[in-house]
Amino acid sequence: MEKTRQLQQMYNLVCNVPNGANIYLLDMPQLFRDDEMDNTVPHVHTFYEIIWFQEDGGIHTIDFKQYNIVRNTLLFISPGQVHFFDNPMMCKGVILRFCTNIISEVSHTEDMFIKYNMFNTYDGEPLYHIGDETAGRLHNITECMRLESMNDGVFGHTDILMAYLKIFIITVNRFGVQHMQHKLDEQKSSHRLFVMFRKMVEEKLTSMHTVREYADKLNVSAKTLANSVVECTGKSPLVFINNRIALEAKRLLKYSNMTGKEVAYHLGFDDPSYFVKFFKRETGFLPSEFK
């Protein structure tokens with residue numbers, strides 16, 4: 001099947017009830033046997049997804065990067081990320097899917113730290129490695145979720161599932177290892193500032209392109225913001241912003257029918273020729289070449 005299917009044709013919805021409180025625990029590879037969608041085709045979701053690979057085998061591609069599937073690796077997939085399996089029937093493990101409004105966006109909360117530290121980490125690798133002891137803890141949590149899933153309609157059902165989900169995520173955050181990402185501490189003000197910056201970049205991606213704009217919105221000096229971002233990522237805030245814009249441009253060029261000029265305007269570039277220079281500098285390709 002052609003892997004450059006249009007983005008608008010690749011959405012797989014899970015938030016299909018008015019209260020938006022769906023949480024699904026699914027087993028691999030049974031999920032792929034039953035799924036009508038071809039999971040070897042690049043696709044995006046409108047929900048969050050945690051994929052826990054419990055055995056080695058295959059490759060998973062996320063936003064143009066390939067990851068070898070290794071035992072006890074967890075991938076954290078955010079809404080809008082383009083991803084696919086090379087051979088889903090080889091995969092063994094579990095997948096957790098849940099709606100976006102289950103994680104709130106209130107500032108200075110654990111939920112916001114989860115949403116913009118474990119998910120939406122486009123500047124790093126969206127994966128964690130865990131040991132056998134942690135895997136045992138996660139297994140116990142998922143078994144509790146399986147039992148609770150049979151209580152649909154019973155008082156407190158959704159609240160209990162949400163509690164188990166949060167315990168699952170926090171356990172991964174505490175004991176999981178990310179080899180390519182700085183470990184953030186929600187107790188440090190500089191790290192909280194970076195998480196708020198990352199959140200704002202997601203929200204203002206198409207309208208704000210300068211460090212000064214973000215610093216002003218966050219009510220800090222450009223120097224304070226720069227120190228925070230460098231401490232947390234090893235990159236300057238401008239590099240961070242440009243990398244995220246370039247990723248969005250690559251998605252739109254590769255997986256939508258938008259022209260280079262349309263992508264430029266969509267991402268907030270008033271001059272399409274400047275966008276061409278920007279894209280060439282960031283990726284090494286002209287937009288037309290990449291498309």
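The values are calculated or read from the model by the stated rules, or taken from the named source; none is laboratory data. Remember, it's a predicted structure, so these values are computed and weren't measured experimentally. Positions of Cβ are generated from backbone atoms using ideal geometry, with glycine treated the same way; all protein chains shown enter the neighbour counts. Heavy atoms of the whole protein, side chains included, go into the accessibility calculation; ligands, DNA and RNA do not. Shrake-Rupley method; radii C 1.70, N 1.55, O 1.52, S 1.80 Å.
From the phi angles alone, apply the Karplus equation (6.51, -1.76, 1.60; θ = phi - 60°) to the range 67-74 and give each ³J(HN,Hα) in whole Hz, x where the residue is Gly or Pro.
10, 5, 7, 10, 3, 6, 10, 10
Taking +1 at the Cβ of each Lys and Arg and -1 at the Cβ of each Asp and Glu, which of Met162, Leu247, Tyr214 sits farthest along the dipole of the range 140-247 towards its positive end, judged by Cα position relative to the Cα centre?
Tyr214
What's the carbon and sulfur percent of the chain's accessible surface, probe 1.4 angstrom, rounded to a whole number?
Percent of accessible area from carbon and sulfur atoms in the chain: 52.
Students often forget the sequence filter, so: which aspartates and glutamates lie under 13 Å Cα-Cα from Lys183 once same-chain residues fewer than 8 apart are removed?
Glu125, Glu231
Under 5 Å between amide H atoms, partner at least 5 residues away or on a different chain: which partners does Ile59 have, H built in plane at 1.01 Å?
Amide H neighbours of Ile59: Ile69, Asp86, Asn87.
Helix 157-175 sits at what angle to the longest principal axis of the chain, using alpha carbons and giving 0 to 90 degrees rounded to 10?
For 157-175 against the chain, the angle is about 60 degrees.
Report, in whole Å, the centroid distance computed from the Cα atoms of the range 35-61 and the range 131-204.
Spelled out, the Cα-based centre of one part sits 19 Å from the other.
Which whole number of Å³ per residue matches the convex hull of the alpha-carbon atoms in the range 38-184?
Details: hull volume 17.7 nm³, N = 147.
Per-residue hull volume (Cα only) is 120 Å³.
Spelling out what I want: for every residue of the range 114-129, take phi, set θ = phi - 60°, compute 6.51 cos²θ - 1.76 cosθ + 1.60 (Karplus), and round to whole Hz; glycine and proline get x.
Taking θ as phi minus 60°, the curve returns 5, 5, 10, 10, 8, 9, 6, 9, 5, 7, x, 8, x, 9, 10, 10 Hz for the range 114-129.
By how many degrees, between 0 and 90 and to the nearest 10, does the Cα long axis of helix 132-149 differ from the longest principal axis of the chain?
Between the helix axis and the principal axis of the chain, the angle is about 70 degrees.
Take the Cα atoms of the range 217-260, find their three principal axes, and give me the spread along each one in whole Å, biggest first.
40, 22, 12
Using 20 Å as the Cα-Cα cut-off, could you pick out the over-long pairs in Lys65/Lys166; Lys65/Lys254; Lys217/Lys254? All intermediate terms of the calculation are to be shown ahead of the outcome.
Numbers: Lys65/Lys166 27 Å; Lys65/Lys254 14 Å; Lys217/Lys254 32 Å.
In this structure, Lys65/Lys166; Lys217/Lys254 lie more than 20 Å apart at Cα.
Using only Cα atoms, tell me the angle between helix 272-283 and the longest principal axis of the chain; keep it within 0 to 90° and round to the nearest 10.
Helix 272-283 sits roughly 60 degrees off the main axis of the chain.
How large is the accessible surface per residue of the chain, computed with a 1.4 Å probe and reported in Å² as a whole number?
Per residue, the chain has 48 Å² of solvent-accessible surface.
Straight distance only, please: which lysines reach the Cα of Lys188 with their own Cα at less than 18 Å, same-chain residues fewer than 8 apart left out?
The qualifying lysines are Lys115, Lys199, Lys223.
Provide the packing ranking of 211-218, 227-234, 45-52, i.e. peptides ordered by the mean count of other C-beta atoms within 10 Å per residue, highest first.
45-52, 227-234, 211-218
One-quarter of the Cα convex hull surface for the chain, in nm²? Don't jump to the answer; show the numbers that get you there.
Numbers: hull surface 62.9 nm².
Over all viewing directions, the chain projects a mean Cα-hull area of 15.7 nm².
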